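In what follows, a single structure is set out as structure tokens and then discussed.
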Amino acid sequence: MSTRAGRYEQQPTGYQAFVPKPLPPDPPLRWDDDLLRRLSDADAAVGRLDGLARNLPNPDLFVATYVRQEAVLSSQIEGTQSSLDDVLAFEITELETGLPADVTETVNYVRAMSEGLRLLDKLPLSGWLIRAVHKELMTNVRGGERDPGQFRRTQNWIGPAGCTLEKARFVPPAPADLPAAFGELERFLNTTTQPPLVVAALAHAQFETLHPFLDGNGRTGRLLITLLLIERKMLSHPLLYLSLFLKQNRSEYYDRLDSIRTRGDWEGWLRFFLIGAAVTAADALRVATDVTKLHDQHMRLVGSENLGRYGPPMVDLLFKHPLVTVRFAIERIGGTAPTIGKLLERLTALGVVEEITGRRWDRFYRHSPFLDLLASSDPTEDTP
């Protein structure tokens, strides 16, 4: 077994826990022609995505729902079953009691991302900030009793459901070794001059190896990728998410992380990560372009149909909140119940929205053309 990434150390109670070496890898990363090409492709793809985002008249129309979509996908990797429609329905009804646990976890992911972005405006990416994001993520959800926002003080491990420590596939650092190891990760983040995507790849793998929390490490580690790229000014908006790529390639994702620990194969992991970044950015660019065209199309439609003063703000609202009720729309854009109700009925007839309850009252209108574009996302590699 290679010790390039770290080594297993015997613990007083008899088990062995992995203690990672500080980043960057030693010996240094070996940059062959293929790996350099992968970095160039990923840099270019992310650059094109950010260039589009910077030039959109109102990128928030796209970003808000894209973040929710990422929350759904990242949570599904951890076994939740909530859908984007579930999250959108929650935001309309604002049910604080009786909410399904899966939806709560997904909503918390959106809140955790928002908290991380807010803190990045005034703080560097640090252990303090990561703990604050984790606290937002894990409060009042499954695992919420396991010290949200606090690094673990007991041993955890990774393996099949119900496995024991002795039979675990991987055992992260012992609690006594965790503070120093995480401190080394912070030092790396604050001193390295490597390209942002390389830093994101190395930091994510190291974070998952440290597994610093009792629960929620996967979701926090995926949030870390986006927050890091925003801090490094590679992204101006949170638009790059690898969760769907990782979900589609889950077995290889776990195998690549294991290969770092067992064989010191940082290069194999980095290649996998850069492929994911490139195809995910290209797919996000396609979706963002199609969404922009759809927005323009709907704006032209409400103008040509003379849908009145509330037509344009309703279109903007539907891109920020693709599931609305009459009451929800009134709260956001104004108007009266008869006016907004009639507007939504006109938009239904025009195919902009569809009514999904079949009720006479408390109807829900779904912006299906937009949500269908998001659902078409499929970041799979099509190059060797």
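Sorting 189-200, 363-374, 219-230 by average packing, meaning the other beta carbons within 10 Å per residue, from highest down gives 219-230, 363-374, 189-200. The angle separating the long axis of helix 33-55 from the principal Cα axis of greatest extent in the chain is about 30 degrees. Over the C-alpha atoms of region 306-375, the Rg to Rh ratio, Rh being the Kirkwood estimate, stands at 0.92.
So what is the calculated 222 nm ellipticity per residue for the chain, using -39500 (n - 2.57) for each DSSP H run with n of 4 or more, over all residues, to the nearest 500 deg cm²/dmol? Intermediate results must be reported in sequence, preceding the final value.
Values: 15 runs with 225 residues, N = 384.
Calculated at 222 nm, the ellipticity per residue is -19000 deg cm²/dmol.
Please name whichever of Pro12, Pro28, Met1 sits farthest to the positive end of the charge dipole of region 1-41, dipole taken about the Cα centre and charges placed at Cβ: Lys and Arg +1, Asp and Glu -1. Of the options given, the answer is Pro12. If only the Cβ of Lys and Arg carry +1 and only the Cβ of Asp and Glu carry -1, the dipole of region 213-315 around its Cα centre is close to 120 debye. As a ratio to 2.2 N^0.38 Å, the alpha-carbon radius of gyration for region 25-286 is 0.98.
Each of Leu197, Leu239, His134 was placed along the dipole of the chain (beta-carbon charges, centred on the mean Cα), and the one lying farthest toward the positive end is His134.
Peptide packing for 352-361, 102-111 was compared via the average number of neighbouring C-beta atoms within 10 Å per residue; ordered from the highest value, the list is 102-111, 352-361. Note on region 243-384: percent of Cα-Cα distances in each 10 Å bin, starting at 0 and stopping at the bin with the largest distance, equals 10, 32, 21, 16, 13, 7, 1. Around the Cα centre of the chain, unit charges on the Cβ atoms of Lys, Arg, Asp and Glu (plus for the first two, minus for the last two) sum to a dipole of about 440 debye. Cross-link reach is defined here as a Cα-Cα straight distance under 14 Å, omitting same-chain residues fewer than 8 places apart; for Lys233 the aspartates and glutamates meeting it are Asp43, Asp50, Asp121.
Counting only residues at least eight positions apart within a chain, or on another chain, the lysines with an alpha carbon under 29 Å from that of Lys167 are Lys21, Lys247.
Region 1-78 and region 191-207 have Cα centres lying 7 Å from one another.
Report note on the peptides 201-212, 255-266: ranked by the mean count of other C-beta atoms within 10 Å, highest first, their order is 201-212, 255-266.
Residues within the reach of a label modelled at Asp121 (point 7 angstrom out along Cα to beta-carbon, backbone nitrogen below 15 Å), restricted to region 218-244, are 231, 237-238.
FYI, it's all coordinate maths here, none of it is from the lab. The model shown is predicted, which means the values in this text are computed figures rather than measured ones. Positions of Cβ are generated from backbone atoms using ideal geometry, with glycine treated the same way; all protein chains shown enter the neighbour counts.
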